[in-house]
Structures are given as structure tokens and as C-alpha cells.
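**Q** One structure, as C-alpha cells, below. Some questions next.
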Amino acid sequence: MAVKIRLARGGAKKRPFYRIVAADARAPRDGRFLEKLGTYNPMTEDGTIVLDRARVDYWLSVGAEPSKVVTRLLRKAAKTPAA
């Protein structure tokens, strides 16, 4: 089973909100997922990212492949100092 770390879209029309999830690569975008790893809200001024870093590191260690957008968000979250 190939696992991807990707975004699942939620929210209303023109008001997106995303969950960062670990999911089987064959599952639909907003369908079944293995674990919720965090959230991303692009509607805030700074694009709020909330992550469970320990679980993200676990999934990466067992071979999960992040999508291009999730890779960018992980880098952005790593640069931001923890509040």
C-alpha cells in the first residue's frame, strides 16, 4: 500500500479549509484517510498551519510520500517558530 501525505479539502464554496492527512494513494481526495496530521487555513493572512510534527515524522519514516503542496507547507511550518 502506497501512503501519501496530502490535503483533503473542506470548508464552504470560496472559503477553503484543508486537513493534512495520511491516506492510501488510491483513495479519493476527500475520501477515506488513515490519520489526520494537521490543518491548513489559507484564508488567514499568514496561512495558518497546525501540525502534529511527531506523527508527520513517523509517516515520513515509514515511507509516506508528501505531495508537492504538503512539502511546501512542511518547509513553511519548520521555518515558523513554535508559539
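The values are calculated or read from the model by the stated rules, or taken from the named source; none is laboratory data. A quick note: this is a predicted structure, and the numbers were derived from the prediction, not measured. We place every Cβ from the backbone using ideal geometry, glycine too, and count neighbours over all the protein chains shown.
**Q** Which residue out of D46, D30, D57 is of a type in the set (D, E) and not in a loop (DSSP other than H, G, I, E, B)?
**A** After applying the criteria, what remains is D57.
**Q** While we're on this one: Pick from A78, A82: which is assigned to a loop (DSSP other than H, G, I, E, B) and modelled with pLDDT under 95?
**A** It is A82.
**Q** Would it be correct to say that K68 is basic (K, R), exposed (fewer than 12 other Cβ atoms within 10 Å of the Cβ) and either touching a residue at least 40 places away in the same chain (Cβ under 8 Å) or farther than 16 Å from L7 by Cβ (or both)?
**A** Numbers: basic (K, R): yes; exposed (fewer than 12 other Cβ atoms within 10 Å of the Cβ): yes; either touching a residue at least 40 places away in the same chain (Cβ under 8 Å) or farther than 16 Å from L7 by Cβ (or both): no.
So K68 fails the test.
**Q** Considering only segment 5-22, I want to know if a residue exists there that is assigned to a helix (DSSP H, G or I) and not charged (D, E, K, R).
**A** No - not one qualifying residue is present in segment 5-22.
**Q** Could you please find all residues in segment 31-45 being over 12 Å from the mean Cα position of the chain (by Cα) and of a type in the set (S, T, N, Q)?
**A** Within segment 31-45, T44 is the sole residue that qualifies.
**Q** Any idea which residue in segment 1-51 is farthest from V70 (Cα to Cα), counting only those that are touching a residue at least 60 places away in the same chain (Cβ under 8 Å) and β-branched (V, I, T)?
**A** Per the criteria, the residue is V3.
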